[in-house]
Amino acid sequence: MGASLPPKEANLFKLIVKSYETKQYKKGLKAADAILKKFPDHGETLSMKGLTLNCMDRKSEAYELVRLGLKNDLKSHVCWHVYGLLYRSDREYREAIKCYRNALRIDPDNIEILRDLSLLQAQMRDLTGFVETRQQLLTLKPNHRMNWIGFAVAHHLNSNASKAVDILEAYEGTLEDDYPPDNERCEHGEMILYKVSLLEESGSFDRALEELRKKESKMVDKLAYKEQEVSLLVQLGRLEEAAELYRALLAMNPDNYRCLGLSSEDGHHSSNESDELDALYKSLAQHYSWSSAVKRIPLDFLQGNKFREAADNYVRPLLTKGVPSLFSDLSPLYDHPGKADILEQLVLELENSIRSSGRYPGREEKEPPSTLMWILFFLAQHYDRRRQYDLALSKIDEAIEHTPTVIDLYSVKSRILKHAGDLAAAAALADEARCMDLADRYINSECVKRMLQADQVVLAEKTAVLFTKDGDQHNNLHDMQCICYIKLYDTPPKSATEEDDEMSKLLPAQKKKLRQKQRKLEARAKKEAEVKNEESNTGAASKSGKRHVKPVDPDPHGEKLLQVEDPLLEATKYLKLLQKHSPNSLETHLLSFELNMRKQKILLALQAVKKLLELDAENPDTHRCLIRFFHKVGLMSAPVTDTEKLVWNVLEAERPSIRAAVAEMLSLLEPDRKSEAIKLVEESVNNLVPRVETEMCRVLSLLNIL
């Protein structure tokens, strides 16, 4: 690198490379400018300067400089390698691979380029090319263990586990008998485990067990060794030996779910199997009384009173101790019929007992005051899971009033409000929880997620970058794993390690055209920014199509929409698109209901209401639409035209299921028309099926009481 430069400039070029690797970009730019003052056409320096600018989010300049450097020195492997790195940063992996191959034509034994090429080949699932590249790396550096393992992994990914085993054995043949030294024992032990797993995958269980036991003295991770050994014994049908090993593993860790877990073909167990398992876990509980797993696992297969008894024994100490994750631990049980009801009855009994006596039922010792708070915390999550949001909010509010300093309470209340549909309040609660512990990154990320859901994008951006490093804050959002932020708004630039997105699906010619358009947009936005300062820069797009802020609305005040002659007709066009492409979205049918109510399309409004009930009957917006629809139907006059009669006939067909609700809503919304509501019900009682007649009688009795 920089071989054509005088010694002083060659040292400066090395400084550019080092500054790039250590992320000291300004220092690297300064060194590049010093070289270019004397050698303005030096291709490798131009390329490295472009690569440095790319890391400073100046992509247009970066591409121009790298292409100019390549033009000035087409036979430089450095220029081609840098061009590939530039494409890789924009996830243009196929283009990057082409650049790497051009670089290797010039310098075929360059280890760094070969390593970069192998990574992209694995990323693009070019497994044959991946094998070839790893073989070339092994040929160049056969004394490096990682090259042997990398070659074995390449064959493993290429569905050739037996070849991978042969490679690892060939590597072991190059080692001395006293290998490994103490400082490499861990790595060597992991390689042995990998080799045994390959033998297991290829079906050579006897050979795998023999190899494992033969290398036992070189293994550092004894737990992994025993787990692998017991797995092989089970597959070989040597169950007595496996049972002894399982006991040894349980002695090491009684909460090891891999040793205690259950399995059945359909996920269910017969009555006899459940009794046998219950007896087994009770005996294990006597030996390992401190184990949480031996108490939790039986809840998955026990039923009825046995389940209630086991659940009672399990939740009491955890509620006393105050374990916030208790509900998350038990939430899989809500998919088992009847178990959620038992849990609700159980915890409500515990709540009543604590309120009345301060003790659990059947206990003499007093519980600490915090026990009630954790019971309320559990019940709030329970009712939230069952979509009983009013009860959930009342429980969580009482818990907050009891102990207002527990952050988990505010996070759960935020989640409940989100599920109930109040996204703004959910974001506010999440921010309140965040302010209670400014050093908690998880709570910060949850707060950002709630803000994005409430469409508070600017505030979410300011909150998200609180945990980023100085400098390019949006890039550092990847260090925080803010996937919700990246996916929902695609604001920060994407890293090269993310999975392929829609860009990778385009043809090379399509991607080239798209890049040209995006570069033109960026250049135009940059010029506008110089004239109009930062106001016009919001529409700027990077080369890879990523927005840095929300796009400019060409009609922010809706002036063009006001000029439409028939707004409802225009809205109908958009509604049809929503119904076609987003038929399972609640918002689609809310908009459909609103639009058809304004257009006096009663049947279409009814269709929207029925769809809302099908998607989410407990949603507050669904209830509002129901009430409005019932009120509208109650105010309809007798039909006159043929169209009105047709509508009326359809409503008559649906009337047995909605007439009682219409009367009830009419009485509640307009109390002075109660007699009319009663008459509406009385006229509908005759000739009804028993279920509907019962509902009519219920409403009638309610109206008489009112």
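The values are calculated or read from the model by the stated rules, or taken from the named source; none is laboratory data. On a predicted model such as this, the values are computed, not experimentally measured, just so you know. Glycine also receives a Cβ, built like all others from the backbone with ideal geometry; neighbour counts cover every protein chain displayed. Protein only, heavy atoms only, side chains kept; ligands, DNA and RNA dropped before computing areas. Shrake-Rupley method; radii C 1.70, N 1.55, O 1.52, S 1.80 Å.
Take the stretch 112-156 and flag every residue that is charged (D, E, K, R) and either more than 34 Å from the chain's Cα centre (by Cα) or assigned to a helix (DSSP H, G or I) (or both).
E112, R115, D116, E132, R134, K141, R145
Quick one: in the stretch 384-407, of everything that is of a type in the set (D, E) and surrounded by fewer than 17 Cβ atoms within 10 Å (Cβ to Cβ), which residue is nearest to D621 (Cα to Cα)?
D390
Given the conditions (1) under 19 Å from G173 (Cβ atoms); (2) more than 33 Å from the chain's Cα centre (by Cα); (3) hydrophobic (A, V, I, L, M, F, W, C), report the number of the one that M191 does not fulfil.
For M191, the failing item is (2).
Among the residues of the stretch 231-250, are any without any contact (Cβ under 8 Å) to a residue 24 or more places away in the chain and in contact with an Asp or Glu (Cβ under 7 Å, 6 or more places away or on another chain)?
yes
I'd like the full set of residues that are open to solvent by 40 Å² or more (accessible area, probe 1.4 Å) and either outside any helix (DSSP H, G or I) or aliphatic (A, V, I, L, M) (or both), limited to the stretch 353-382.
Once the filter is applied, which keeps residues that are open to solvent by 40 Å² or more (accessible area, probe 1.4 Å) and either outside any helix (DSSP H, G or I) or aliphatic (A, V, I, L, M) (or both), the stretch 353-382 yields R359, P361, G362, R363, E364, E365, K366, P368, P369.
Every residue in the stretch 232-250 that is under 36 Å from the mean Cα position of the chain (by Cα), of a type outside the set (V, I, T) and over 18 Å from M191 (Cβ atoms), please.
The answer is Q235, Y246, L249, L250.
Across the stretch 429-461, which residue is farthest from H419 (Cα to Cα) among those that are small (G, A, S) and either open to solvent by 40 Å² or more (accessible area, probe 1.4 Å) or not in a helix (DSSP H, G or I) (or both)?
Looking only at the stretch 429-461, we keep the residues that are small (G, A, S), and these are 430, 433, 439, 445, 454, 460.
With the extra rule that they be either open to solvent by 40 Å² or more (accessible area, probe 1.4 Å) or not in a helix (DSSP H, G or I) (or both), the set shrinks to 439, 454.
On the way: A439: 27, A454: 12 Å.
Selected residue: A439.
If you scan the stretch 42-55, which residues turn out to be under 18 Å from N11 (Cα atoms) and either more than 35 Å from the chain's Cα centre (by Cα) or open to solvent by 10 Å² or more (accessible area, probe 1.4 Å) (or both)?
Listed by number, the residues that qualify are H42, G43, E44, T45, L46, S47, M48, K49.
For the condition open to solvent by less than 20 Å² (accessible area, probe 1.4 Å), at pLDDT below 80 and closer than 30 Å to R385 by Cα, what is the one hit in A677, A660, A608?
Only one candidate passes the filter, namely A660.
Under 6 Å by Cβ, and 6 or more places apart or on different chains, what pairs join a residue from the stretch 154-171 that is without any contact (Cβ under 8 Å) to a residue 24 or more places away in the chain with one that is part of a helix (DSSP H, G or I) and of a type in the set (A, V, I, L, M)?
What qualifies is I167/A152.
Picking from D166, D109, which residue would you name as being assigned to a loop (DSSP other than H, G, I, E, B) and either touching a Gly at 6+ places or on another chain (Cβ under 6 Å) or not small (G, A, S) (or both)?
D109
Among the residues of the stretch 203-222, write down those that are open to solvent by 70 Å² or more (accessible area, probe 1.4 Å) and under 36 Å from the mean Cα position of the chain (by Cα). So that I can check it myself, show each step before the final result.
The initial filter retains those residues of the stretch 203-222 that are open to solvent by 70 Å² or more (accessible area, probe 1.4 Å), namely 206-207, 210, 213-214, 216-217, 222.
Within the stretch 203-222, just K222 meets the criteria.
For the stretch 185-199, does any single residue satisfy the condition of being out of contact with any helix residue (DSSP H, G or I) (no Cβ under 8 Å at 6 or more places or on another chain) and part of a loop (DSSP other than H, G, I, E, B)? It would help to see each step written out before you state the result.
Our first condition is that a residue be out of contact with any helix residue (DSSP H, G or I) (no Cβ under 8 Å at 6 or more places or on another chain); within the stretch 185-199, this holds for 186, 190.
Narrowing the set further to residues that are part of a loop (DSSP other than H, G, I, E, B) leaves none.
No; the residues of the stretch 185-199 include none that is out of contact with any helix residue (DSSP H, G or I) (no Cβ under 8 Å at 6 or more places or on another chain) and part of a loop (DSSP other than H, G, I, E, B).
I need a count of the residues in the stretch 575-611 that are over 16 Å from H623 (Cα atoms), part of a helix (DSSP H, G or I) and under 30 Å from the mean Cα position of the chain (by Cα).
Total satisfying the criteria: 6.
Say we look at the stretch 170-184 and pick out the residues that are open to solvent by 80 Å² or more (accessible area, probe 1.4 Å) and assigned to a helix (DSSP H, G or I); which of these is nearest to R145 (Cα to Cα)? Please lay out each step first, then the result.
Step one: of the stretch 170-184, the residues open to solvent by 80 Å² or more (accessible area, probe 1.4 Å) are 174, 176-178, 182-183.
From what is left, the residues that are assigned to a helix (DSSP H, G or I) are 182-183.
Numbers: D182: 16, N183: 14 Å.
Within the stretch 170-184, the match that is nearest to R145 (Cα to Cα) is N183.
Among R58, R94, which is of a type outside the set (D, E), closer than 24 Å to L117 by Cβ and surrounded by fewer than 21 Cβ atoms within 10 Å (Cβ to Cβ)?
Of the residues listed, the single one that is of a type outside the set (D, E), closer than 24 Å to L117 by Cβ and surrounded by fewer than 21 Cβ atoms within 10 Å (Cβ to Cβ) is R94.
Here are some conditions: (1) closer than 23 Å to E244 by Cα; (2) in contact with a Leu (Cβ under 8 Å, 6 or more places away or on another chain); (3) open to solvent by 40 Å² or more (accessible area, probe 1.4 Å). Y194 meets all but one. Which one does it not meet?
Status for Y194: all satisfied but (1).
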